[in-house]
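Step one of this worksheet: look at the structure below.
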Amino acid sequence: MIRPDTRPLARGKFIWVGDEKLYIRGVTYGTFRPDATGNQYHDLDRIDSDFAGMAANGMNSVRVYNTPPRSLLDLAHRHQLRVIVDLAADQYVGFLTDKKGAPDIREIVRAKVRACAGHPAILAYSLGNEIAASLVRWHGRRRIERYLARLFRAVKAEDPGGLVTYVNYPSTEYLELPFLDFFCFNVYLESQDRFAAYLARLQNIVGDRPLVMGEIGLDSFRNGTDAQARVLDWQIRSAFDGGCAGVFVYSWTDEWYRGGAEAEDWAFGLTSRDRSPKPALAAVRDAFAETPFPRTVSWPSVSVVVCSRNGSRTIRECCEGLRKLDYQNLAVIVVDDGSTDGTAEIAREYGFRVISTPNRGLSSARNTGLEAATTDIVAYIDDDAYPDPQWDSYLAYTFATTDYAAVGGPNIPPPDDGPMADCIASAPGGPVHVLISDREAEHIPGCNMAFRKADLQAIGGFDPQFRVAGDDVDVCWRLTQSGRALGFCAAAMVWHHRRGSLRTYWRQQRGYGRAEALLESKWPEKYNAAGHVSWGGRVYGNGHVRWLWTRGRIYQGLWGSAPFQSIYQPAPSTWSSLPLMPEWYLLIPVLAALSALGTLWHPLLLAVPFLAVTVGMPVLHCGLTAAQTSFPCSPRSAMRRIGMRSLTALLHLLQPVARLYGRLSCGLAPWRRRGPAIFALPWPRTFAIWFEQWRAPGERLEAIESTLRTAGACVFRGGDFDRWDLEVRGSMLGAARLRTAVEEHGLGRQLVRFRLSPRPSIPGLVLAAFFAALAAAAVADRASAAAIVLGLIAAALAVGIVEQCAATTAALLTPVLVQERAARRAAGRASAPARIGPERRLRRTTAADRKVVATEPACGS
């Protein structure tokens with residue numbers, strides 16, 4: 001039972017009172033005609049009757065649009081209603097421009113808070129309601145954000161334990177207010193699909209904070225009372241289905257006073273002006289009674305699998321959380337992957353099924369849990385995480401209402417893990433989700449993911465080669481490749497502890513680097529030439545890289561009239577991304593060596609400024625990012641804040657170094673070479689092969705692609721705007737491309753043309769020429785030692801370019817020659833096996849023959 005005198009707290013995606021979750025089932029109240037003293041709430045008998053009616057209809061919260069007298073709060077407390085008090089900061093925005101004679105707004109706000117601070121009926125303080133989009137456009141969003149941040153600090157100064165929000169709306173959804181305890185939005189949409197889609201968008205905007213609908217409703221004056229009841233029913237249900245922490249229906253009564261007059265052509269109330277109930281009141285009461293899920297849901301059976309190796313330090317908390325799950329048809333399986341610290345004994349204390357195996361790695365343990373599960377849904381959680389009580393309910397509900405093969409949710413660091421964990425949670429490299437849209441995912445992290453068992457078994461489960469990390473990325477890609485979709489549910493949250501020391505953080509990131517190398521080896525087409533994954537969606541989560549040198553643009557519509565105004569962030573360019581890549585740190589020793597070589601040849605001292613820029617750019621970026629970081633429990637001491645931000649900046653610097661170490665140790669280097677060790681002269685080649693049997697062009701290319709992948713080559717398909725069909729990439733220094741054309745000659749006969757073109761790296765050629773020019777200049781200055789070093793660098797680059805072009809050309813040439821031999825055999829014109837190399841001679845035939853035509857440039861004969 002929730003005690004009415006316990007103050008609420010915002011934790012994760014929900015609001016809590018003590019150890020119980022508070023789903024806000026609220027209604028708005030006012031505004032009313034004031035008395036002679038300006039008090040809107042003078043009729044206490046009417047207020048008492050209204051509050052009794054709210055409580056009788058399942059409501060536990062009420063939202064007012066100004067600061068009420070304590071008498072109203074006392075009545076609310078009597079009826080166990082909690083109140084959101086509006087501080088009306090939106091009414092003072094004009095003073096940001098007209099400062100002459102402006103009042104002390106912060107003092108006004110503090111006085112309002114002081115009048116009701118600590119009252120047990122207070123749910124939260126709202127800084128204001130819907131600062132108009134035109135005013136935000138006039139002042140600029142940054143100025144409005146700073147204005148609200150100052151008022152937030154003023155409220156906390158008077159009532160440190162009070163929750164603070166700001167009621168926003170779609171026209172200014174782009175306001176970034178990370179300091180708020182929870183987010184409120186007024187949303188009026190009369191299409192259920194659009195309403196649900198917009199809620200998913202808002203959940204991604206607010207991140208790890210609770211989302212509350214500050215106003216929803218429909219005007220019965222224009223739409224009718226039955227339509228109002230119907231719309232409010234699905235609005236409430238959709239809001240809770242979408243993971244909202246609460247809802248305020250607009251409004252309790254049709255009585256509404258604003259601008260010095262009563263509204264006559266307006267009827268949003270659940271009751272009429274004389275408090276007669278409308279059909280909407282019964283609809284709201286029924287919808288609130290089924291919060292957060294409808295009773296008619298057919299709940300699937302769920303197995304939760306926990307894989308652990310030596311997790312005794314955290315697995316007890318995980319088991320406690322699993323025991324508190326509010327789900328009926330649930331089984332818990334703990335897979336002990338060769339632990340030596342009593343992990344299995346702890347899990348058995350809770351009555352869970354424990355399967356002990358030798359140490360085979362994380363993926364094997366997850367497959368063991370999958371085989372042991374007898375349910376339709378298999379969910380996975382890490383041993384250093386613990387779930388929200390409705391975690392599996394939200395996952396199961398998403399499965400029951402969609403056809404997703406897998407569903408994931410956010411993983412949020414607990415707020416009481418200490419300063420070191422807070423800093424690591426704000427650093428890059430943590431488990432994040434990648435979304436294609438607001439509800440469809442490209443990747444869900446392994447600490448919070450669930451699957452339909454049949455779909456996971458259909459792709460063979462998890463790949464055992466991923467012993468520590470990377471298995472979740474691999475399984476998501478394989479599911480997507482099989483044609484299945486992945487979902488994301490913002491309310492299906494788990495609390496996930498981050499690493500607690502620099503040493504463990506370094507080891508984690510180094511392991512992630514090794515996993516990246518394994519993934520690149522298995523999925524080369526997902527990675528670019530530098531060895532970095534190219535996500536199709538957007539990366540979400542705390543600590544992800546912030547692009548400080550890219551500016552978002554706000555879609556405002558003509559003259560600022562757009563009803564939904566969003567901020568659009570441009571995709572970071574390759575050049576802006578370079579300083580944030582692990583390989584950027586390889587430039588530092590190279591430039592340091594060139595600077596040291598300047599003692600032998602002074603012109604090379606020009607590398608010193610470049611070295612300073614190379615070191616300074618990531619340092620500057622990390623410092624600026626850390627300065628903008630907000631911590632869950634912000635320390636009051638200025639020195640403590642400086643220390644935490646300095647540590648966060650250090651973690652931003654260490655993370656790519658640790659990743660680089662792991663990547664290099666497993667062969668994922670910019671100079672890596674993929675594919676078989678065969679070579680052919682890197683010249684363009686053209687083949688024209690006659691086929692007696694017709695075949696779709698796409699099938700031929702797929703056969704060539706399959707042959708290349710089987711041989712271990714890194715193959716990419718040409719895009720919609722490319723003139724080439726396939727590309728074999730060796731490293732950053734060279735590649736080769738294949739282009740085809742088909743001539744149809746009737747009766748199923750085809751002449752297929754293949755064009756092979758080596759593609760040396762332009763940056764590689766430029767660098768080779770640059771170092772060659774430096775070597776020549778050093779020779780002219782008689783700096784022989786410097787000339788030798790620079791010449792060796794230029795020669796190494798040139799040799800690497802030739803080698804990579806030769807290897808990729810040979811890789812493409814092999815399947816083309818296979819096609820040629822097959823065509824010869826089909827035509828009954830078998831010829832001697834051909835060798836790949838510069839000495840190979842291809843027999844030419846006349847155009848009249850048209851059986852097999854192969855041509856090469858004279859220099860390749």
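The values are calculated or read from the model by the stated rules, or taken from the named source; none is laboratory data. On a predicted model such as this, the values are computed, not experimentally measured, just so you know. Here the Cβ positions follow ideal geometry from the backbone for every residue, glycine too, while neighbour counts run over all protein chains shown. Areas reflect the complete protein model, heavy atoms only, side chains present, ligands, DNA and RNA absent. Shrake-Rupley method; radii C 1.70, N 1.55, O 1.52, S 1.80 Å.
Projecting label points 7 angstrom from Cα along Cα→Cβ for ARG142 and ALA711 puts them 5.5 nm apart.
Could you give the Stokes-Einstein D for the chain in µm² per second, using the C-alpha Kirkwood radius, 10 °C, 1.306 mPa s? The Stokes-Einstein estimate is 51 µm²/s. List residues of region 586-607, by number, whose backbone nitrogen lies under 17 Å from a label position 7 Å along Cα→C-beta of PHE770. The answer is 586-598, 603-607, whose backbone nitrogens lie closer than 17 Å to the label point. The Cα trace of region 743-834 gives Rg and Dmax of 22.3, 71 Å, the first to one decimal, the second as a whole number. If each Cα of region 471-534 is one equal point scatterer, what is log10 of I(q)/I(0) from the Debye formula at q = 0.28 Å⁻¹? Treating every Cα as an identical point scatterer, log10 I(q)/I(0) equals -1.11. Cross-linked pairs LYS13/LYS324; LYS99/LYS156; LYS13/LYS99; LYS453/LYS522; LYS100/LYS156: Cα-Cα separations exceed 29 Å for LYS13/LYS99. Compared with the direct C-alpha span, the chain from LEU578 to ASP455 gains 40.5 nm at full extension, assuming 0.36 nm per residue. Largest first, the residues VAL657, VAL766, VAL354 sort by 1.4 Å accessible area into VAL766, VAL657, VAL354. If r is the Cβ-Cβ distance from TYR555 to SER191 and R0 is 35 Å, what FRET efficiency results, to the nearest 0.05? About 0.95, to the nearest 0.05.
Solvent-accessible area of the chain (1.4 angstrom probe, protein heavy atoms only): carbon and sulfur portion equals 55 percent. Placing a label point 7 Å from the Cα of LEU624 along the Cα-to-Cβ direction, the residues of region 574-617 with a backbone N closer than 11 Å are 617. Compactness of region 1-53 was expressed as the Cα radius of gyration divided by 2.2 N^0.38 Å, which yields 1.58. Once C-alpha pairs closer than 8 Å and six or more residues apart are averaged by separation and normalised to the residue number of region 189-290, the relative contact order reads 29 percent.
Averaging over all projection directions, the Cα-based convex hull of region 653-782 occupies 13.0 nm² in the image plane.
Given R₀ = 56 Å, what would the calculated FRET efficiency be for GLN91 paired with TRP671, taking r from the Cβ atoms and rounding to 0.05?
The value I calculate is 0.35.
Taking a ≥ b ≥ c as the square roots of the Cα gyration tensor eigenvalues, with a/c under 1.5 meaning rounded and otherwise prolate when a/b beats b/c, else oblate, which class fits region 407-481? Prolate shape, in that a/c is at least 1.5 and a/b is the bigger ratio. In the assembled protein chains, SER731 presents an accessible area of approximately 10 Å² (probe radius 1.4 Å). Dipole magnitude for region 210-288: computed about the Cα centre from +1 point charges on Lys and Arg Cβ and -1 point charges on Asp and Glu Cβ, it is near 180 debye.
Compared with the dominant Cα axis of the chain, that is its longest principal axis, helix 279-289 is turned about 60°. Axis of helix 607-627 versus longest Cα principal axis of the chain: the two differ by about 30°, to the nearest ten degrees. For GLU525 and ALA485, a Förster radius of 22 Å and the Cβ-Cβ distance give a FRET efficiency of 0.65, rounded to the nearest 0.05.
A 1.4 Å probe run over the protein chains yields, for the chain, 44 Å² of accessible area per residue, whole-number rounding. Given +1 at the Cβ of Lys and Arg, -1 at the Cβ of Asp and Glu and no other charges, the dipole of region 50-209 around its Cα centre is 520 debye to the nearest 20.
For the chain, the longest principal axis of the alpha carbon atoms and the long axis of helix 697-710 meet at an angle near 90°. A simple spin-label model places the labels of ASP341 and ARG230 5.9 nm from each other, with each point 7 Å out along Cα-to-Cβ.
Most simply put, the chain has about 55% antiparallel DSSP beta bridges, counting only bridges with both residues inside it. Against the criterion of solvent-accessible heavy-atom surface with a 1.4 angstrom probe, LYS100, LYS112, LYS324 sort, most first, into LYS100, LYS324, LYS112.
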